[in-house]
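All remarks here apply to the structure that follows.
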Amino acid sequence: MARGVIPRQPAKTGRHDAARKAELRTAKLPQDGGRPKRNVLPVAKPKTKIAKAVGPKTGKRPAGYNPLAPERIGEILTRLEATYPGATCALKHNNAWELLVATILSAQCTDVRVNMTTPELFRKYPTVQDFAALKPEAIEPDIKSTGFFRNKSKSLVGAAKKIVSDFGGHVPDNMDDLLSLPGVARKTANVVLGTWFHKNDGVVVDTHVQRISRRLELTKSDDPKSIEQDLIKIIPRDKWTLYSHMIILHGRALCVARNPKCAECPLENLCHAADKTWSTVEIHKSAK
Ligand code: SF4
């Protein structure tokens, strides 16, 4: 050991020097400038959150606010029509039967995938009579990529047989008869009636219509049948089909399920959705 260097000794208090120094560093300095007090714990600083660019949150709606007011609904429709001019069904089809087939195939599948599948399917089996003459297993390989292909093939062949036997080979143009076809529920029937026959018998409620109608406080339900009934009461009948088409486009382009693009949305100042990513208006906690 070098001369003059004194080895470190244990502290007389029995505690290590480093621990004492740390304690002194964290102790609060008294206002009077005296010695720092021992055993005073530092006050933890509150963690600051990164502020989100959203408006104030409240569970209460301002007095006089009515999300179902006809003026508000009208404004929503006007802005959607301006944003999505000529909105229509994205499923490719040349007749009512092809639209029915495409709609059945679109369950749990994207329209893009269905549009990749149907051209070859209709090339092989051009008419409803061709489908009616098949066994379901025969078209399973052709529609496999759309998912749930066993059920879908049974629905397609079953619907074709019934259309040929009961409706003279023509897709029926009314709700009751459409609902009598295998694999056809209200959503499919509404697509065919509204898009091909231009009959507004109901509102198509798919996942986009469900999510966005709730965000816009047009319904509180999460059951498609109840949502349809709620929408029928507040949307003018001549816009029922159009509303669905526009909302489906809106749900794909901007009002996506996670992180909707609210800053770009034409409905922004009419929308109080709880999960908005940007807002210039009050947020309503129940609007989701
Ligand atoms: S403001 Fe946001 S949450 Fe509301 S409709 Fe537009 S994209 Fe959807």
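Figures for the structure shown
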| quantity | calculated |
| --- | --- |
| Amide H contacts of residue 287 (H built 1.01 Å from N, under 5 Å, at least 5 apart or other chain) | 274 |
| Placed amide H near residue 277: partners under 5 Å, 5+ positions off or other chain | 262 |
| Dipole magnitude of the stretch 236-288, debye to nearest 20 (Cβ charges: Lys/Arg +1, Asp/Glu -1, about Cα centre) | 200 debye |
| Cα centre as origin, Lys/Arg/Asp/Glu Cβ charges: the stretch 78-222 dipole, Debye | 400 debye |
| Additional length obtainable on full extension of the chain from residue 282 to residue 145, 0.36 nm per residue less Cα span | 44.9 nm |
| Mean-position separation - Cα centroids, the stretch 210-224 and the stretch 99-129, in angstrom | 29 Å |
| Fraction of alpha-carbon pairs over 16 Å apart in the stretch 176-288 - percent | 60 percent |
| HN-Hα J in Hz across the stretch 81-98 - Karplus 6.51, -1.76, 1.60, θ = phi - 60°, x for Gly and Pro | 5, 5, 7, 10, x, x, 4, 8, 5, 7, 7, 6, 6, 10, 7, 5, 5, 4 |
| Relative intensity, log₁₀ I(q)/I(0), of the stretch 80-155 from a Debye sum that treats every alpha carbon as a point, q = 0.16, 0.25, 0.27 Å⁻¹ | -0.56, -1.23, -1.41 |
| More than 18 angstrom apart: percent of Cα pairs within the stretch 114-166 | 23 percent |
| Per-peptide average of other Cβ atoms within 10 Å, ordering 159-172, 181-194 highest first | 181-194, 159-172 |
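Since every read-out is calculated from the coordinates, none of them should be taken as a lab result. Not measured: the values here are computed from a predicted model. In this analysis, Cβ positions are derived from the backbone assuming ideal geometry, glycine residues included, and neighbour counts consider all displayed protein chains.
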